[in-house]
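Data block below; observations after.
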Amino acid sequence: MSIQPTLPEPIRARLSGEPLFSVKTDLSSDGRFGDLWFAVTDQEVTLWDADGEPSFRLDVTELSEARAVGGIGGGTLLADTAGGPVVIARYTAALSSAFGFAAKLITALAKQEELPAVSEKEFPRYCPSCGNPLAEGTQSCPICKSKGKVLFRMLRYAKPYKAQMAAAVVLLMLTTVIELVPPYLTKIMIDDVLQPKNTGSALLWVVLGLGLTSLVMSVMQTVRGLIGVWVGSKLMGDLRNDIYTALMRLSLAFFDRRQTSQFVGRINSDSESMRQFMTDGVIWVSGESLRVVAIFVIMFGLDWRLTLFALIPMPFMVLVSLTMWPKIGRRWYQQWRSIFRLNVLVGDSLQGIRVVKAFGQEQTEMSRYSTANRELVRNNIRIEGLWQGMFPLFSFVAGIGTLLIWYNGGSSVIRGDLQLGVLMALIAYLGMLFGPLQWVSQMINWASHALASADRVFEIMDTPSDVPDARDPHPIGTIRGDVVFERVSYGYEKHHPVLKDVNLKVKAGEMIGLVGHSGAGKSTFINLICRFYDTDEGRIAIDGTDLRSISQTDLRKQIGVVLQETFLFDGTIAENIAYSKPDATPEEIMRAAKIANAHDFIVRLPDGYDTRVGERGHRLSGGEKQRVSIARAIIHDPRILILDEATASVDTETERQIQEAISRLVKGRTTFAIAHRLSTLRNADRLVVLDKGKIVEVGTHEELLAIEGGAYRKLVDAQKELSKIKGVEG
Amino acid sequence: MSGDLYDIRIFEPKDVMFSRGTGGVFQGVLDGKPYPELVVYRAFPFLYTTQYLSIRDAKGEELGIVRDLRELDEESAKELEQELQFRYFLPRVTRVDSVKQKSDLWIWELQTTLGPTRIAMRNLHEFMQFPGGNRIILTDINGKRCEIADWQALDSRSRQQLTDVV
C-alpha cells in the first residue's frame, strides 16, 4: 500500500516524460509555507505551484550535480550549473530524506550513472485518512485509532485475574445491597415500632437485624480489600516487567537521545497509577454504579415524586464532569511533566556530582532545583486545587436536592400524606448517593491519570526497535571471525553520514587498529559491528552472513567489548567477571582474571573476589576496573573482540599491565582496537586510518609511516610533538 | 603553526558584501575575494539571532564571523537576514488556534510569520523545549520546528489555548 500522495494528473500530462520521482514540497521558494510539486524526469527537473503552473524548470543537461543542503528545520535542494549554483526547491525537515534522495537521483542523471532505487523510507508518511504524520515502522495511525483502545489495552492486563476481580465485584455488589438494608430497617423502626409505641419483641429484632448487617458488611469488605491488594500487586508487577522488557528491547539509539533517569519514574509511578485505576477504579465503578441504580430503585419505590427532586441537580453534575474531564487530564500531564523535569534535573546533577563539587556550583544547582520545584508546587496546587474544588461543589449541588426533599417531604408529613419513616429513609438513601458522587470525581481523577500514564507506557512499548531481530535468524554457531564491510554508510541522523562508503575485509584472527582524529567515525565503526545501530546503506557480514540476519543473542555471544568507560554493576568482582557467563566456575573466574593481570590485586583485597563494587565500581581505581572488564571479556571467550580506548585514562605502568593483558586476550581473535596513543596499536596486523567517515589509508605501521605526507604519518608526528611538550613540562 | 589559526576572525563591516546569485544562491565578496556560494551559521541560535554569524564556504570552512547584522550595509544585511531565514527554518508563531490531544498525538494549529501550519507531537515533554524566559520551541514528529518568542505576549485566546500545556 502506498501512503504517498501521487503527482496530480494535469501536471503529469505536462511533463516531458514519465516522472522518475515526484514529491510535494511544503515550502515555496520565498521560504514561506506553501505546497509545490517537485518532479524529475530523465530530461528535466521541474517545480509546479498549487494551481499546476510551472514555477521552475532546469534541463538535466544544464547541471553537473545536485546537492541537498540541510539547514536547521529545513533545507534547500541546489543544482550546480555552469553559471553557478541554482536553488531548485526549499523544504522543511520532514522532507529531508526525500530531497536527499532527489539530489542523488539528479546527480546520477546528470553524470549518466546508474539511477538509485527509490524506497518508501525516503518519504515522510502520512495517514491516508486524516493526513497526520505516521510514526516510522507503523501503518496504523494513532489518531484514527479509536480512543477506547488505550483503555482496553490497559484492561487487558487485568485479564489473568478476572476470576478474582469478578469475585471482588460480586462481593462489592453484595455489600452494596446489604448496605441498603439499614435505612430500610430504620424506616420500619420509626413507622412500625417507635411511633405506634409497639412494646413487643419487634424492637429487639430490628436492632439485631441492624447488628447482623453491619457484621456481614465488615467481613465482606475485608475479603474484598484483600483480593484488591493481591490483584493490584500482581498487576503492577506484570506492568513493571513489561515496561522494563520494552526498555531493554529498545536500541541504543533510543537511549542516546534521552536522559535515562527519567525511566526510573516511568516504570514505578506510571505503573502505579495504572494499577490504581484498574483495581480500585474498575471494582469501584461496577460496585458504585450498581449502588446508584439500587438506591434509585428503592427511592422510587418509596416515593417517586419526591425522588424526582433528587434528580434535578444530576444534569448539571454530568455536564460539569464532561467539561472538566479533558482539563483534568491535561493538568495531570502538566504535573507529571514538572516531576519529569525535576527528575531529569536530579539525575543530571547527581551523575555529575563530581563536576558540581569541583566547580563549587552547589548553589547554582540548588537554585535550578528550586525553580523546577516551584513549578511543580504550582502545578500541584493547580491540579489538586481544581480537584479539591470540584467535590464540595458537587456535594453542594447534590445537597440542593436534599433540601428540596426536606421541604416538600416535610410538608407532606405535616399534611399527613407521608409517613415520617419514609421521609427519613429517603433522606438516608440520598445521603448514600454522596459516596458514588465522590466516586464520580475520584474516578475522573484516576481514569485521566491512568490514561495519561498508559499513553506514556504504551509509547515505550510501541517504539519499534531500530535494530529489529531477524524474523528467521540464521544460526551461526561458533564463528571463525571474518568480518566484511561492504559499502557501509551510517549517520546518527540520516543525511549526516558519519561513515561513508566504507569497504574493508578482515580475516579471522586479524587485529585491526582504528586510528583517526576524534569524530572521524572510529566509535561508530565498532558500534556498527556490535550492531548497536544498523547501517543506512551497504552491509556488514560476519563469516559471510549479514549481521541483520543473525539473532542478536547469537551475535553478542561472539562479540566481546572492553570500553573506555568501564561500567561495573552493583555486585561482587566475581559476579562482574562472570557477567556474561553466570555459570562460570571459581577457577574459570580466576583464570580469566589472571590473564587480565587482575588476579593479584583482587586477591590482595581484603574481600578478594567477593569485594563489592558499588554503582560504577567506586572502590576500584580506573586501571583496576579496566582489568576487571578485560577479565569479563576473556571469560566471555568471544571470537570478535572490540577494544575502545581501553588504556585511555591510566598511567604508563598500568597501561603496560593492561597492554600485556590485552595482548594475551587478542590471541586468535578478530580484534578491532581504538587507541588514542598510537603506540598502543603497534601489535596490530593492520591499521585503518579514518578521516571524516572515510577510510583513507590501510596498512601496517611501517607501511603507513613510509607514506610521505600520509594521514597516519601526520598523526604520529603530531603525537611525537605532543609528547615532547609533555616531556618539557614534566 | 600561526597564531591566527586559533583566533576567531571577526569581519569588519566594510570587508564583507553579500548578495544573491542569479540562481537564488547566497553569495558574497569577503576581503575582496568573491565566493559563489556561502553558508551562514548562527553561533547562538537562541540567544543572538542576528549577531555572531559564522560565514562559511560551500565546504563548511569558516571564513569569519559577522558580529552584528545591523552593522552591514543595507543590501548585505537584507540578503544575510533572508539567508538566515532560509537556513534556520523557524517560523515564529503569531497565533495559536488550537492545541488538541487526539489519542496519542498532540495537534497544534498555528499561524506563523511564514503562513499557517500544523504541528503534530508524540508528547509534550520531549517535543516542547523551554530555552528560557517565555520562549517555547515546538518540534514536529518529522523535525519541523516553530518558535513562540514570548507566550505571555500572545493574544488572550492563544494564551488560553496554552494554559494547560505550558
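The values are calculated or read from the model by the stated rules, or taken from the named source; none is laboratory data. Computed from a predicted structure; not experimentally measured. Cβ coordinates were reconstructed from backbone atoms using ideal geometry, including for glycine residues, and neighbour counts include every protein chain displayed.
Looking for something modelled with pLDDT under 80 and away from chain A (no Cβ under 12 Å) - is there at least one such residue anywhere in segment B:136-152? Checking segment B:136-152: not a single residue is modelled with pLDDT under 80 and away from chain A (no Cβ under 12 Å). Condition (residue is of a type in the set (Asp, Glu), over 24 Å from residue B:144 (Cβ atoms), within 14 Å of chain B (Cβ to nearest Cβ) and not in a loop (DSSP other than H, G, I, E, B)) applied to segment A:1-17: is it met by at least one residue? Looking for residues that are of a type in the set (Asp, Glu), over 24 Å from residue B:144 (Cβ atoms), within 14 Å of chain B (Cβ to nearest Cβ) and not in a loop (DSSP other than H, G, I, E, B), one finds none in segment A:1-17, hence no. Here is a list of conditions, (1) surrounded by fewer than 20 Cβ atoms within 10 Å (Cβ to Cβ); (2) within 11 Å of chain A (Cβ to nearest Cβ); (3) assigned to a strand (DSSP E or B), and residue B:110 meets all of them except one; can you say which number that is? Only one criterion in (1) surrounded by fewer than 20 Cβ atoms within 10 Å (Cβ to Cβ); (2) within 11 Å of chain A (Cβ to nearest Cβ); (3) assigned to a strand (DSSP E or B) is unmet by residue B:110, namely (1).
Does any residue of segment A:533-550 turn out to be surrounded by 17 or more Cβ atoms within 10 Å (Cβ to Cβ), aromatic (Phe, Trp, Tyr) and farther than 22 Å from residue A:697 by Cβ? Yes, some residue in segment A:533-550 is surrounded by 17 or more Cβ atoms within 10 Å (Cβ to Cβ), aromatic (Phe, Trp, Tyr) and farther than 22 Å from residue A:697 by Cβ.
Between B:79, B:126, the distinction of being within 11 Å of another protein chain (Cβ to nearest Cβ), of a type outside the set (Val, Ile, Thr) and assigned to a helix (DSSP H, G or I) belongs to B:126 only.
Can you tell me which residues in segment A:448-465 are part of a helix (DSSP H, G or I) and more than 11 Å from residue A:270 (Cα to Cα)? A:448, A:459, A:460, A:461, A:462 - these are the residues of segment A:448-465 that are part of a helix (DSSP H, G or I) and more than 11 Å from residue A:270 (Cα to Cα). When each of A:338, A:271 is tested for being more than 30 Å from residue A:228 (Cα to Cα), in contact with a Leu (Cβ under 9 Å, 6 or more places away or on another chain) and at pLDDT 80 or above, the lone residue that passes is A:338. Here the strands (runs of 3 or more DSSP E) wholly within segment B:1-62 that include at least 1 residues being touching a Lys or Arg at 6+ places or on another chain (Cβ under 8 Å) are B:26-30, B:38-42, B:51-57. Could you grab me the full set of residues in segment A:312-355 that are of a type outside the set (Val, Ile, Thr) and in contact with a Phe, Trp or Tyr (Cβ under 8 Å, 6 or more places away or on another chain)? Result: A:317, A:342, A:345, A:349. On inspection, residue A:252 qualifies as surrounded by 13 or more Cβ atoms within 10 Å (Cβ to Cβ) and either free of Cβ contacts under 8 Å to residues at least 40 places away in the same chain or among the hydrophobic types (A, V, I, L, M, F, W, C) (or both). Could we say that residue B:105 is at the interface with chain A (Cβ under 9 Å from one of its Cβ atoms), closer than 23 Å to residue A:263 by Cα and crowded, with 16+ Cβ neighbours inside 10 Å here? Yes: the conditions hold for residue B:105.
Against the test of being away from chain A (no Cβ under 11 Å) and part of a strand (DSSP E or B), the options B:131, B:116 yield a single qualifying residue, B:131.
The sole residue among A:403, A:418, A:393 that is touching a residue at least 24 places away in the same chain (Cβ under 8 Å), of a type outside the set (Val, Ile, Thr) and assigned to a helix (DSSP H, G or I) is A:393.
Looking at this structure, is residue B:90 farther than 25 Å from residue A:329 by Cβ, touching a residue at least 12 places away in the same chain (Cβ under 8 Å) and outside any helix (DSSP H, G or I)? Judged against the criteria, residue B:90 is a match. The set of residues in segment A:628-643 being basic (Lys, Arg) and assigned to a helix (DSSP H, G or I) consists of A:632 alone.
The residue of segment A:62-78 that is farthest from residue A:47 (Cα to Cα), among those that are crowded, with 23+ Cβ neighbours inside 10 Å, in contact with a Ser or Thr (Cβ under 8 Å, 6 or more places away or on another chain) and facing chain B (nearest Cβ under 9 Å), is A:74. Sub-6 Å Cβ pairs linking a first residue in segment A:38-62 that is on the phi > 0 side of the Ramachandran plot to a second residue that is surrounded by 14 or more Cβ atoms within 10 Å (Cβ to Cβ), at least 6 apart or interchain, are A:52/A:11, ordered by first then second residue. A single member of A:470, A:452 is in contact with a Ser or Thr (Cβ under 7 Å, 6 or more places away or on another chain) and over 20 Å from residue A:313 (Cβ atoms), and it is A:470. Filtering segment A:580-619 to residues that are touching a residue at least 40 places away in the same chain (Cβ under 8 Å), of a type outside the set (Lys, Arg) and surrounded by fewer than 17 Cβ atoms within 10 Å (Cβ to Cβ) leaves A:580, A:588, A:614, A:615. If the condition is being crowded, with 22+ Cβ neighbours inside 10 Å, of a type in the set (A, V, I, L, M, F, W, C) and either within 9 Å of the chain's Cα centre (by Cα) or closer than 15 Å to residue A:328 by Cα (or both), then segment A:448-464 contributes A:450, A:452, A:457.
Taking residue B:135 as the residue in question, decide whether it is touching an Asp or Glu at 6+ places or on another chain (Cβ under 8 Å), of a type in the set (Lys, Arg) and touching a residue at least 12 places away in the same chain (Cβ under 8 Å). Answer is yes for this residue. Take residue A:180 and decide whether it is touching a Ser or Thr at 6+ places or on another chain (Cβ under 8 Å), in contact (Cβ under 8 Å) with a residue 40 or more places away in the chain and assigned by TED's automatic domain parsing to the domain that holds residue A:413. Criteria not met by residue A:180.
The residues of segment A:79-97 that are of a type in the set (A, V, I, L, M, F, W, C) and more than 7 Å from every other protein chain (Cβ to nearest Cβ), listed by number, are A:79, A:82, A:88, A:89, A:95. Filtered by the rule that a residue be away from chain A (no Cβ under 11 Å) and polar (S, T, N, Q), segment B:22-53 gives B:49, B:50, B:51.
Taken over segment A:672-708, residues that are β-branched (Val, Ile, Thr), over 18 Å from residue A:718 (Cα atoms) and modelled with pLDDT under 85 amount to 0.
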